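Here the structure is laid out as structure tokens; the discussion comes afterwards.
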Amino acid sequence: MIAFNYSSRLRKDLAIWVDKGILTQDQADAAGGEFQARSRGPSFATVLAFLGAILLVAALLSFVAANWDTVPRLVRTFMLIASIWLAYSIAWFAHSKNAPGISAAFIVLGIGAFGASIMLIGQMFHLQGSTATALMVWFLGAVLTALVTQSVAALCMASLVAFGWMIAEYPGSADQQSLFGIPVFYVLPATVAALGLIAHWLASRVAGHFILLLAVAWSLMLISVDAQFAGLVIALGLLCVSICLASLTSGQYFRGFERVMIFYAMALIMSAFQLVQIFLNESFFSNRQVAGEAIPIMALVVTIIVTAILAFRAKGSETSLYRDQWVVPVFAMACLIWLAFPMLAAPKSDGAELVQKLVYGIVGLFLAIWSVRFGWRLEMRSLSVIGYIFFAIVIFYTYVDLFGSLEMTAVVYGIGGLLLIGAAVWLLRRERRAQT
């Protein structure tokens, strides 16, 4: 992908450094040329090839739909199979002629033709099966194509098909299937992990984004199935952050993709955190299945232990990231207290409910501020931005949630403001001491 913002900023910085005599004009040209070579995105010919492939698919579907009933079954089947092989043959020819963009476009076209063939052949011959089964076969075909061709475009297409399969397997849907008595939806993370391994093998950042979005979508769908899984999602997100930090301070096992993974993990943690608070308010103490169950509690306990071990092992590494390593188990402990509180408090206690809401506000503000500071340390503006957004959400939700008690709202905001101002004063003093 072309880094437009960074490219323009780099050109301005290079011009300033040349004017100040820090770099010569030749050095600046060499630095700019090296960056352009590394960040070169898809050519205009590649874009045209993809758009042309889309038009060909639309033309094929329109023609087939217009004459479908008049064409014999065997001819229809031959046409569908031929369209798959034709697309892959053109992709192979384009690859042999050193045209990777056109090759990728026709690989995607072939995968699309494969999926359409599954649906249409099943309809023609009245084959028994569900939509989920068809999507599973389509997904397996797309993954096999990605492995054989080593195509990033095919892997991204497989991720999109996996998302459709995920929706079809959603618990309660008509197409839901089971594997050894377990709904397939609950074992789909293994599929996401397999896609992640393939993306790591192909060293593709674009496919990595697709797969992380797929993981986030599955996690949010899991929470919608049963709110008690929100604690599990938070625990897994924190574990991901800790592992990525350990990778950053050691060997970068994810090939420099750690910061992106941390961004998605933090966004997922914030989403799950807010969703579980909403569910807690709807069923606080009258239905303890939201928070006081063993799955989220045990997941957070395991996360605290594992992340603390990783923090111990990171001793002596880069100072700022080492501190964040310790923030992860501390925040996991705060979430454990927050989620375990309904199990410890007296049923239908107004005071206990108020305390739980106050704990939500404090922990939520802590998460938002950590995200802002974390983004600065990692030089990720996007991570800081979602921290600011989550800060506003927590403030607004706390105000609405405690609307009947403006005094308590004032207490929460007052305590939070004093803590933030105190932290700011402490940081300023520390910076002045470091300068002197």
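All of the numbers you see were taken from the coordinates with simple rules; none came from a lab. Computed from a predicted structure; not experimentally measured. Virtual Cβ from ideal backbone geometry, glycine too; neighbours counted across all protein chains shown.
First measure r as the distance between the Cβ atoms of LEU120 and ARG255, then evaluate 1/(1 + (r/R0)^6) with R0 = 30 Å and state the FRET efficiency to the nearest 0.05. Once rounded, the FRET efficiency stands at 0.15.
By other beta-carbon atoms within 10 Å, ranking ASP26, ASP226 with the fewest at the front produces ASP26, ASP226. Using the Karplus relation 6.51 cos²θ - 1.76 cosθ + 1.60 with θ = phi - 60°, the per-residue 3J(HN,Hα) values for the range 117-129 come to 5, 4, 5, 6, 5, x, 6, 5, 9, 6, 6, 7, x Hz, with x marking Gly and Pro. Compared with the alpha-carbon gap, the fully stretched path from LEU140 to ASP226 is longer by 28.1 nm at 0.36 nm per residue. Here the label points at ILE278 and TYR322, each 7 Å from Cα along the C-beta direction, are separated by 4.1 nm in the simple model.
Sequentially through the range 298-303, phi angles give Karplus couplings (6.51, -1.76, 1.60; θ = phi - 60°) of 5, 4, 5, 4, 4, 5 Hz, Gly and Pro residues having no value and appearing as x. Spin-label model, ARG313/ALA423: points 7 Å from Cα along the beta carbon direction are separated by 2.8 nm. Legend: calculated FRET efficiency, TRP376 to ALA15, from the Cβ-Cβ distance at R0 = 22 Å, rounded to 0.05, equals 0.25. From most to least packed by mean Cβ count within 10 Å, the peptides 101-114, 81-94 give 101-114, 81-94. Once the chain from ALA58 to VAL302 is taken as fully extended at 0.36 nm per residue, the excess over their C-alpha distance is 82.8 nm. Phi angles across the range 333-338 convert, under the Karplus curve 6.51 cos²θ - 1.76 cosθ + 1.60 with θ = phi - 60°, into 3J(HN,Hα) values of 5, 4, 5, 4, 5, 5 Hz, Gly and Pro given as x. From least to most packed, judged by other beta carbons within 10 angstrom and beginning with the fewest, LYS315, LYS357 follow the order LYS315, LYS357.
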